[in-house]
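As structure tokens, the structure follows; a few thoughts come after it.
The values are calculated or read from the model by the stated rules, or taken from the named source; none is laboratory data. For clarity, every value in this text was computed on a predicted model and none was experimentally measured. Every residue, glycine among them, receives a Cβ derived from its backbone with ideal geometry; neighbour counts consider all protein chains shown.
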Amino acid sequence: MEATLATLPIADEFSLESVQVLKALAKAHRYLAELKGVAKTIPNEGILISTLTIQEAKDSSAIENIITTHDELFRFDESKAENISQAAKEVENYRDALRQSYIRTKRNRLIRVNDILRIQEIIEPNKPGIRKIPGIVIGNATTKEVIYTPPQHPDEINDLLDNLVSYINDESLSGLDPLIKMAVVHHQFESIHPFYDGNGRTGRIINILYLVKNGLLDFPVLYLSRYIVRTKSEYYRLLQTVRDDNDWENWVLYIIKGIEETARETIEFVNQIKTLVFDTKKRMRTELPAIYSQELLNNLFFHPYTKVQFVMEQVGVSRITANKYLNQLAEQDFVEKMKVGRTNYFINKPLVKLITQQEK
């Protein structure tokens, strides 16, 4: 049976601010504030954004059973190479949607319906736009049981999306703590389920945009996807218990716990990145002072798999000079040279190891 989805704010919303929720909020906000401060200590925030969006795109896509490898993603990102899997292309679409939407949200301090549509259009270029044909249901893939039937009529879907963005942007509509509100927003979007495909990935991007819009983070550096991957069955169970039993408290607690855990893990990762950048800079200035520049250092961290073309563009040197720099860096074990097809890649192995260790 089709659900009748209420508009926001939810009835008696302040009942969500239970003692247990308030205690969890205090911890989550503390670590979120620490993460915001730590992220500013990276000399170039683009390095952090680049490394974290790779991991987020991979993890968020994995929730939808879109599986690829870091090696393939690094090569796709740096070369748009041929013979890359469809899964890698879909993950890169997600990363592109994340980058573009972050720039818009940072500039406008708004999340509009058109912004949400644009996210989904980049993620699913072959299936863009709001559902117009009824029949979409959410079911158990194993038993084929229908678990939830989202709103079916496009007019209702559009009305609910309009209400959702009003709730996101108009602070007068709700006095809830923004992290509780984020949990409500995420649940509402997933329950509207406005698209034929890409709803989960779009919803997870909205999470980070919401944190940026509300000034809780300056950069898109906190992602719940790995937490959801680890707790996938709990995530879907709690989504449904809100619909079936109006059990908002446990859903909110789940999201807040995810924010706290993810913030703590990301703080550690950011500090490791900062140490690695500093150590690499110190070594380059000592061992290769003739070629050291901040631009060259940045290149090695923007591009875990770099190549001559990127050094030419970012450092502003000729092909011959770029090739000489990279070969010298390889000789001194700053990078590892690897030939794939006709392309030489120069791999920042310590950075790649750091990124891949995040999965463990």
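So the values come out like this:
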quantity	calculated
The range 348-360, residues that are assigned to a loop (DSSP other than H, G, I, E, B), surrounded by fewer than 16 Cβ atoms within 10 Å (Cβ to Cβ) and touching a residue at least 60 places away in the same chain (Cβ under 8 Å)	Glu359
Residue within the range 256-276 that is under 24 Å from Ile347 (Cβ atoms), among the hydroxyl-bearing types (Ser, Thr, Tyr) and buried (at least 18 other Cβ atoms within 10 Å of the Cβ) present	yes
Any helices (runs of 4 or more DSSP H) falling wholly within the range 2-118 and containing at least 2 residues that are surrounded by fewer than 17 Cβ atoms within 10 Å (Cβ to Cβ) and modelled with pLDDT under 95	45-63, 86-108
Cβ pairs under 9 Å, 6+ apart, first in the range 326-347 and under 11 Å from Leu288 (Cβ atoms), second aliphatic (A, V, I, L, M) and in a helix (DSSP H, G or I)	Leu329/Met284; Leu329/Leu296; Leu329/Leu300; Gln332/Met284; Phe334/Met284; Phe334/Leu300
Count - residues of the range 144-174 that are touching a strand residue (DSSP E or B) at 6+ places or on another chain (Cβ under 9 Å) and at positive phi	0
Lone qualifier among Ile208, Ile255 - being closer than 27 Å to Pro125 by Cβ and modelled with pLDDT of 95 or more	Ile208
Selection within the range 122-133 - out of contact with any Asp or Glu (no Cβ under 6 Å at 6 or more places or on another chain) and in contact (Cβ under 8 Å) with a residue 12 or more places away in the chain	Ile123, Pro125, Gly129, Ile130, Arg131, Lys132
Top-ranked residue of the range 243-253 - restricted to ones that are surrounded by fewer than 21 Cβ atoms within 10 Å (Cβ to Cβ) and touching a residue at least 24 places away in the same chain (Cβ under 8 Å), ranked as farthest from Val19 (Cα to Cα)	Arg243
Residues of the range 305-325 classified as in a helix (DSSP H, G or I) and either free of Cβ contacts under 8 Å to residues at least 24 places away in the same chain or of a type in the set (D, E, K, R) (or both), total	13
For Lys58: the one exception among (1) touching a residue at least 40 places away in the same chain (Cβ under 8 Å); (2) closer than 20 Å to Arg226 by Cα	(1)
Subset tally (residues that are within 20 Å of Thr280 (Cα to Cα) and at pLDDT 95 or above) for the range 315-346	18
First in the range 259-270 and touching a residue at least 40 places away in the same chain (Cβ under 8 Å), second anywhere and charged (D, E, K, R) and surrounded by fewer than 21 Cβ atoms within 10 Å (Cβ to Cβ), Cβ under 8 Å, 6 or more apart	Glu260/Lys27; Ala263/Glu34; Ile267/Glu34
Glu268 vs. criteria closer than 27 Å to Ser61 by Cα and under 27 Å from the mean Cα position of the chain (by Cα)	yes
Check on Pro154, surrounded by 19 or more Cβ atoms within 10 Å (Cβ to Cβ), of a type outside the set (D, E, K, R) and either in contact with a Ser or Thr (Cβ under 7 Å, 6 or more places away or on another chain) or over 24 Å from Leu238 (Cβ atoms) (or both)	no
